[in-house]
1. Could you pull the accessible area for A:HIS367 with a 1.4 Å probe, rounded to 10 Å²?
2. So in segment B:33-323, what percent of DSSP beta bridges are antiparallel if you round to the nearest 5?
3. So how much slack lies between B:ASP289 and B:SER195, counting 0.36 nm per residue of separation and subtracting their Cα-Cα distance, in nm?
4. Please give the contour-minus-distance gain from A:SER387 to A:SER401: 0.36 nm per residue of separation, less the Cα-Cα distance, rounded to one decimal in nm.
5. Mean residue ellipticity at 222 nm from the helices of chain B, using -39,500 (n - 2.57) per DSSP H segment of n ≥ 4 over the full residue count, to the nearest 500 deg cm²/dmol?
6. Mind checking which lysines have their C-alpha under 27 Å from A:LYS514, skipping anything on the same chain fewer than 8 residues away?
7. Determine the sum of side-chain charges near B:MET227: Lys and Arg each +1, Asp and Glu each -1, restricted to other residues whose C-beta is under 9 angstrom from that of B:MET227.
8. Taking all protein chains together and a probe of 1.4 Å, list A:LEU347, A:LEU197 from the most accessible to the least accessible.
Amino acid sequence: MSTQIEKPFAITLDRNTSLANHTGSWRSKRPVYVDRLPPCNATCPAGENIQNWLFHAESGNYEAAWRSLTENNPLPAIMGRVCYHPCEGACNRGQLDAAVGINAVERFLGDEALKQGWAFAKPAVESGKRVLVVGSGPAGLSAAYHLRRMGHGVTIVEAETAAGGMMRYGIPRYRLPRQVLDAEVQRIVDMGVELRLDTRVDDVLAMQAAEGFDAVFLGIGAGIAKRAYIPAGDASHITDAVSVLHEVEDSQPLLGRKVVIYGGGNTAIDVARTAKRLGAEESIIVYRRTRDKMPAHDFEVKEALEEGVKLKWLSTITEAGEGNITIEKMALDAKGFPQPTGEFETLPADSVVLALGQNVEQTLLEHIPNLTMKWDSVQTDAVMMTSHDGVFAGGDMVAGSERTVTVAVGHGKKAARAIDAWLRGELYQPAPKHEPATFERLNTWYYADAEKTVRPVLDIIRRQSTFDEVVGGLDESNALFEARRCLSCGNCFECDNCYGVCPDSAVIKLGAGKRFAFNYDYCKGCGLCAEECPCGAIVVELEDK
Amino acid sequence: METTIKFYQTDTFTVGNRLLSEAERSVQAGMQRTNALNSGHRACQGCGEALGARFAVDAAMRAAGNDLIACNATGCLEVFSTPYPESSWQLPWIHSLFGNTAAVATGVAAAQRVKGTKTRVLAQGGDGGTTDIGFGCLSGMFERNDDVLYICYDNEAYMNTGVQRSSATPPAARTATTVPVGQHPNGNVFGKGKSVPLIAMAHEIPYVATASVADLRDLEAKVTKAMSIHGARYIHIHVPCPLGWGADPAHTIKLARLAIESGLFPVFEAEHGEITGHRAIREQVPVEDYLKLQKRFAHLFRNPKQVEVIAQLQAIADRNIRRFKLLEKRGAAV
């Protein structure tokens with residue numbers, strides 16, 4: 001930058017700008033840009049990069065958002081309806097006003113994709129390997145999708161007449177409309193995945209050998225209802241939740257006018273709400289502990305109560321007769337366990353539905369020699385492989401994890417990656433995770449306050465009598481608004497603050513989408529950029545000299 | 001059934017934000033900003049004055065179509081930006097004496113008028129050069145309504161010469177000349193000093209405003225507005241000094257923000273002697289939050305804690321809040 005001019009008398013230095021003065025040499029600490037793991041991503045059972053797809057949604061680029069989302073989860077329209085969204089519970093924005101409505105935005109993106117007909121790309125290169133997937137529930141579909149993306153041939157076998165597993169035969173229509181399920185399944189099939197319906201497999205190893213599959217993924221779920229012994233007369237009508245929810249898919253199960261559901265989980269709630277829709281005057285959930293101890297999610301209990309479902313807690317069913325049941329009142333002991341009180345009561349009941357949990361069907365598993373089990377579930381290693389080499393498993397049938405659709409999708413993805421590595425003779429090594437982006441690292445001054453957009457809830461009366469969807473969706477302006485509430489915890493969202501607040505103009509703006517860089521020739525290490533970064537994406541490190 | 005509030009990810013509190021249209025972004029967010037005070041200047045780490053000067057002059061440059069001359073009083077800003085033969089300035093710039101930059105600017109403006117050019121004139125100095133030493137010349141520039149925008153960067157003492165008290169030093173602050181001593185150490189005495197913005201208003205010049213490095217949008221809007229007006233204009237910008245205040249260099253903007261949010265530094269604007277707008281407090285904080293982060297007030301928090309002195313400072317903040325309606329969102333300019 002030096003300009004050569006004639007020097008005045010007694011001046012020996014060149015005239016210059018201050019750029020010759022590298023003030024970076026003063027520095028004892030240096031700012032560094034980092035990416036941190038936001039709490040939403042950290043808690044997502046399906047391993048979605050939620051913040052990244054929100055980033056695209058914020059600018060209104062919904063297709064880019066959907067493509068980012070489906071890199072990890074191929075079922076966003078389903079997720080947006082049935083996921084219990086632990087991400088929202090972890091969302092840092094919850095500490096500021098209310099969590100970002102991630103689930104609602106996910107549903108919007110999923111619905112938008114169906115409306116616009118966005119399809120998955122077929123793999124560019126075929127690997128020549130073939131994988132057999134048993135079960136077309138969320139775990140199997142997720143595994144099939146990810147394996148297909150990696151270029152492997154995939155065949156799904158399904159015992160039922162339609163795909164979806166528990167998403168079809170366990171989740172009622174009012175929570176998951178079937179055209180949404182069908183469309184998202186079809187989109188996976190359209191990638192070139194073979195789907196064989198009405199195909200029950202008992203000896204999977206024999207099938208693998210016969211058809212020459214290179215690896216197997218099991219996702220058969222947990223579809224056997226647990227029973228409890230209840231003394232019952234001949235005329236009593238006792239059934240279970242699995243059967244009711246399965247029957248309602250194809251016909252109208254006859255439960256009567258007064259229905260008692262026994263259990264306190266989400267399935268009990270689903271059955272109680274289904275019974276209401278089937279015309280029951282009374283739908284009563286009998287549970288042996290208190291409402292706050294119910295495993296069911298609070299919002300589902302709330303929605304059920306709004307629809308007129310009744311709750312009878314601290315009660316066990318001791319006998320079922322014709323048209324009525326006998327219940328015994330319970331009391332919680334010092335440890336919080338229910339104990340019988342000896343007080344009895346009679347309730348009118350045309351039928352009793354047991355919703356006491358589910359077990360894994362054993363036939364297929366018994367055909368695989370020396371499979372390591374834990375109770376009725378299959379034990380898998382860290383990368384979802386069973387004790388039988390080359391046989392992987394995921395979803396409800398696997399020991400030690402929560403039985404939800406989202407967990408199953410996560411299992412399918414993880415197993416697919418492990419299978420891909422295994423087919424190449426390698427062991428799958430997950431990428432190391434970034435440091436967590438905690439609330440304390442945010443500078444919340446820069447975020448404006450706003451309420452969470454509330455999803456419109458259908459009119460209660462309408463909900464009671466039909467299987468129409470209960471929770472409505474966001475429209476485009478709402479979804480955009482909701483996405484923009486994201487704080488972008490721990491990852492730069494290009495707000496220009498560092499670039500603006502540097503007293504030494506030592507931050508270089510690289511342009512839209514390219515973020516920023518530090519000019520360490522001039523950065524004095526004051527740390528203002530890190531202090532004023534809204535999302536905590538700058539750390540100050542000691543210079544090692 | 002649902003509530004929708006007009007809202008952007010970070011509203012306009014941040015410098016830029018990719019979600020905003022170009023027009024809604026600040027001058028500082030632009031890749032083409034002048035960088036009027038360029039890298040390599042010798043200000044301390046986290047210098048509020050260097051930051052404030054770049055904010056203000058970049059905005060003035062944009063408003064003037066880059067046709068601008070700056071006159072600069074002696075002080076930190078002059079010393080750290082122009083150790084001969086270096087200069088950090090990216091515009092024509094002239095250094096005057098400590099006390100006469102307003103007069104020099106008057107002359108430069110007169111020259112432009114005689115020559116018939118449209119070049120605009122800016123004068124700038126610290127609080128010492130403005131509220132004390134250059135005050136006579138400044139008042140003259142105001143009463144003649146000379147076509148100059150004068151910007152005072154207020155860091156509340158003579159920092160360049162070693163942190164001596166000025167007439168802008170707040171009560172209770174420690175400086176080299178207001179050392180807290182004795183059993184009830186108080187620092188700078190209460191009831192002295194002056195508000196040059198209010199004095200400027202008394203001259204009934206076209207435009208007077210206060211601003212802060214903690215509110216870039218407000219600062220840029222005020223500089224832009226001032227540049228749209230001819231005649232004498234005055235902007236008083238609060239710029240924390242990590243060295244003189246005994247603060248973490250990373251806290252420069254945080255301190256400026258706490259000064260606004262506590263009410264100690266009222267941000268307002270006035271036209272022809274009448275207040276026309278104020279920047280409302282967003283999240284009110286007690287003055288203690290502001291004071292605690294600075295060593296110049298540390299004597300107030302040592303045993304025994306000077307509760308009464310802190311209450312007196314809170315009273316000043318409370319008076320500002322009443323006087324400038326700082327808690328009223330309605331009528332707020334920003």
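1. For A:HIS367, solvent-accessible area is about 80 Å².
2. Antiparallel: roughly 25 percent of the beta bridges in segment B:33-323.
3. Gain on stretching B:ASP289 to B:SER195: 31.5 nm.
4. Between A:SER387 and A:SER401, full extension yields an extra 3.3 nm.
5. -9000 deg cm²/dmol
6. List returned: A:LYS29, A:LYS433, A:LYS524.
7. With Lys, Arg at +1 and Asp, Glu at -1, the neighbours total +4.
8. In descending accessible area the options line up as A:LEU197, A:LEU347.
The values are calculated or read from the model by the stated rules, or taken from the named source; none is laboratory data. Not measured: the values here are computed from a predicted model. Cβ: placed from backbone, ideal geometry, glycine included. Neighbour counts: every protein chain shown. These area figures cover heavy atoms from the full protein model, side chains too; ligands, DNA and RNA do not enter into them. Shrake-Rupley method; radii C 1.70, N 1.55, O 1.52, S 1.80 Å.
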